[in-house]
1. Condition first: open to solvent by 40 Å² or more (accessible area, probe 1.4 Å), in contact (Cβ under 8 Å) with a residue 12 or more places away in the chain and not aliphatic (A, V, I, L, M). Now tell me which residues in region 13-26 satisfy that.
2. Does A62 satisfy the criteria of being open to solvent by less than 40 Å² (accessible area, probe 1.4 Å) and in a helix (DSSP H, G or I)?
3. Within region 31-48, restricting attention to residues that are touching a strand residue (DSSP E or B) at 6+ places or on another chain (Cβ under 8 Å) and modelled with pLDDT of 90 or more, which residue is farthest from E109 (Cα to Cα)?
4. Restricting to region 27-55, what's the tally of residues that are open to solvent by 40 Å² or more (accessible area, probe 1.4 Å) and assigned to a strand (DSSP E or B)?
5. Considering only residues that are acidic (D, E) and closer than 17 Å to E59 by Cβ, look in region 75-128 and name the one that is modelled with the lowest pLDDT.
6. Mind checking which pairs have a first residue in region 27-56 that is aliphatic (A, V, I, L, M) and a second that is assigned to a strand (DSSP E or B) and open to solvent by 90 Å² or more (accessible area, probe 1.4 Å), Cβ under 7 Å, 6 or more apart or different chains?
Amino acid sequence: MLGRTPGTISAIRPLKDGVIADFEVTEEMLRHFIQKVHQNRWAHPRVVVCVPSGVTGVEKRAVEEACLSAGARQVWLIDEPLAAAMGAGLPIAEVRATAICELGAATTEIAIISRSGRESCRDFFRRR
């Protein structure tokens with residue numbers, strides 16, 4: 001929608017390449033999603049957030065802080081390939097390894113998952 005919106009609407013991009021580009025807007029977006037799911041304004045849900053496997057510790061802390069500021073009680077961060085494997089119903093807890101290719105909007109990651117952990121994961125390519 002960037003560049004295609006009418007003059008009365010401004011499109012913003014709070015996340016870029018899976019990490020926070022604008023902290024305040026990201027926090028407000030997360031607050032909106034939490035309020036949409038929990039009608040009770042006193043609810044403080046536990047939140048699981050997927051992050052790209054190549055993010056730094058600082059970027060992980062920024063995502064966690066944005067979720068906590070938006071009203072989450074607890075935040076768990078998991079790698080995107082692991083979340084994709086769980087969503088696809090792959091056997092991630094077995095000793096036998098599972099290969100997965102996660103095709104995201106901004107990144108594509110390939111991972112080998114075994115015993116509920118990422119054995120080998122690398123950023124395959126990044127679209128600009």
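1. Selection gives K16, F23.
2. Taking the combined requirement at face value, the residue satisfies it.
3. Once the filter is applied, the top-ranked residue is R46.
4. 3
5. D123
6. Hits for this filter: V48/W76.
The rows are residues; the columns are (1) open to solvent by 40 Å² or more (accessible area, probe 1.4 Å); (2) assigned to a helix (DSSP H, G or I).
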| residue | (1), (2) |
| --- | --- |
| A66 | no, yes |
| V75 | no, no |
| E94 | yes, no |
| A99 | yes, no |
| E102 | no, no |
| I110 | yes, no |
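The values are calculated or read from the model by the stated rules, or taken from the named source; none is laboratory data. Just so it is clear, the model here is predicted, and its values are computed rather than measured. As a convention, Cβ positions derive from the backbone with ideal geometry for all residues, glycine included, and neighbour counts pool all protein chains shown. Please note that ligands, DNA and RNA were not included when accessible areas were found on the heavy atoms of the full protein model with its side chains. Shrake-Rupley method; radii C 1.70, N 1.55, O 1.52, S 1.80 Å.
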